[in-house]
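Readers should treat all values here as calculations from the given coordinates under stated rules, not as data from a laboratory. All values reported here derive from a predicted model rather than from experimental measurement. Don't worry about glycine lacking a Cβ; one is built from the backbone with ideal geometry, like all the others, and counts go over all protein chains shown.
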Amino acid sequence: MAAPDITFAEVTPDRWGDLEELFEARGGPKTCWCMVWRAKTGGVRRPDAPALKAMLRARVAAAEPVGLLAYAGGKPVGWCSVAPRPTFRDLGGPADHADDPAAVWSLTCFFVASDHRGEDLGAGLLQAAIDTARRRGAAVLEAYPVDSSSPSYRFMGFVGVFQKAGFSKVGLAGLRRYVMRLSL
């Protein structure tokens, strides 16, 4: 697991500045704002980075779950996108729980600041995502990781990390991404 001085927190309106700091730092996901897999709003067909940032900010301002931040010494150093599945576009998982849309949460992305890589923050963020989805009443946490040899989609995590956390493969989404699930 992550080092003891690492803490995790859901992104809330009062933490927007921390998310912004992390995303806009060198190497951060400031071009996509972790909106690649999220259902788009506002009718913008090909939004640029400022539009994506505004879309994510609007979700945070509306207190919609979007993900978690990892902190080291009070500084944001990692991110995990985890939220109810209906807030994302179709990710390729089973179309179950239609009667309770919030029953399935999706985990779509990880980002760790370069100076904190190799500290097992990904596993810590994954455990925090599991705990958050469970606490928020989800019945299933679904993820879409790739093999460690994959040339793309590496930001979605690796199969081995999810297997170690108890996830099971339930299918494929595209050519590289596995659909993996954990019953909560």
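Pairs of Lys residues in the chain, spaced 8 or more positions apart or belonging to different chains, with C-alpha separations under 28 angstrom: 7 in total.
Distance between the modelled labels on ARG136 and ALA95, one decimal in nanometres: 2.4 nm (7 Å Cα→Cβ projection). Each peptide among 130-143, 161-174, 103-116 gets the average number of other Cβ atoms lying within 10 Å of its residues, and from highest to lowest they stand as 103-116, 130-143, 161-174. Its relative contact order, with pairs defined as Cα atoms under 8 Å and 6+ residues apart, puts the chain at 20 percent.
Along its principal axes, the stretch 6-183 has C-alpha extents of 39, 36, 33 angstrom, given from the largest down. Under the rule of -39500 (n - 2.57) per DSSP H run of 4 or more residues, summed and divided by the residues of the chain, what mean residue ellipticity at 222 nm is obtained, to the nearest 500 deg cm²/dmol? Computed mean residue ellipticity for the chain: -7000 deg cm²/dmol.
Using C-alpha pairs under 8 Å with a sequence gap of at least 6, the mean separation divided by the residue count of the stretch 85-184 gives a relative contact order of 29 percent.
Ranked by the mean number of other Cβ atoms within 10 Å of their residues, highest first, the peptides 69-77, 120-128, 10-18 fall in the order 120-128, 69-77, 10-18. Close amide H contacts of GLY78 (hydrogens built in the peptide plane, cut-off under 5 Å, sequence separation of 5 or more or a different chain): ALA70, ALA113.
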